[in-house]
Amino acid sequence: MIKIMLVDDHRLVRAGLKRVLLEMADMEVVGEASTGEEALELVRTVPVDIVLLDINMPGIGGLETTRRFKQRLPDVKIIVVSMHLEEPYPSRLLGAGASGYLSKDSAADEVVAAIRRVNGGGHYVAADVAGNLAASLVKGRPDSPFEQLSQRETQVMLMVTKGHSTQDISDSLHLSPKTVSTYRYRLFEKLGVSNDVELTRLAMRYGLLDENEESPH
């Protein structure tokens, strides 16, 4: 059973997340808090595996809460759930020790998938966030062929290199399958590659994809 704490100063947000998680046989909401201070106090008495954490809260806020959790309880994993998808928020929170970053607009099945992946020792970053992170990585590096990509092209590229199907990308980015295919071939043309395998190798070469990350290619 994955033990989860919800930390958000909006009661309706916590209620929505709790409703989703209560339907999962392998998950249990063991605590709720409206501030980081409350969460850090509560975790002293309640065993927790995963914390779903907002950024903007009264008191110390999500960034400092993440830092303190990782200092005191490094085994507790943090997944940020926020409306702030643009930089520098994701890189700061992930750099502070968060294992996941989701949008508050994420679908229920994505939240569940993120929890399971992070609980298993992995990381999960929503497609929109990943696109922003990748764009910031290549920004100012004229030697990188990925510099020429738009944010949407970067999002599609990252999902392709991680083995997502056209339908997966379509559902996640709210694009038609035909539009996803158009983006894919535009990527091939811009980057001078001819297939997904070459695209993945190029992304690895420029540090946009972990060489140890699993992919079906």
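The values are calculated or read from the model by the stated rules, or taken from the named source; none is laboratory data. All of these numbers come straight from a predicted model, not from anything done at the bench. So basically every Cβ, Gly included, is an ideal-geometry build from the backbone, and we count neighbours across all protein chains shown.
Considering only residues that are among the hydroxyl-bearing types (S, T, Y), farther than 19 Å from E147 by Cα and at pLDDT below 80, which ones fall in region 170-217? Once the filter is applied, which keeps residues that are among the hydroxyl-bearing types (S, T, Y), farther than 19 Å from E147 by Cα and at pLDDT below 80, region 170-217 yields S172, S215. Of everything in region 29-81 that's out of contact with any Ser or Thr (no Cβ under 6 Å at 6 or more places or on another chain) and basic (K, R), which residue is surrounded by the fewest Cβ atoms within 10 Å (Cβ to Cβ)? Step by step, filter region 29-81, then rank; the result is R44.
Table: residues versus (1) within 25 Å of Q155 (Cα to Cα); (2) in a loop (DSSP other than H, G, I, E, B); (3) touching a residue at least 12 places away in the same chain (Cβ under 8 Å).
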residue	(1), (2), (3)
R19	no, no, no
M24	no, yes, yes
V29	no, no, yes
P47	no, yes, yes
P90	yes, no, yes
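If only residues of region 82-94 that are surrounded by fewer than 20 Cβ atoms within 10 Å (Cβ to Cβ) and within 15 Å of H123 (Cβ to Cβ) are counted, the one that is modelled with the lowest pLDDT is S91.
Listed by first and then second residue, the pairs with beta-carbon distance under 8 Å, at least 6 apart or on different chains, first residue in region 151-163 and closer than 16 Å to Y185 by Cβ and in the same structural domain as V197 (by TED's automatic domain parsing), second part of a helix (DSSP H, G or I) and among the polar types (S, T, N, Q), are M159/S172; V160/T200; T161/T200. All conditions in (1) in contact with a Lys or Arg (Cβ under 9 Å, 6 or more places away or on another chain); (2) under 16 Å from V76 (Cβ atoms) hold for A114, with the sole exception of (1). If you go through region 126-155 and pick out every residue that is buried (at least 21 other Cβ atoms within 10 Å of the Cβ), farther than 16 Å from Y183 by Cα and modelled with pLDDT of 75 or more, you end up with 3.
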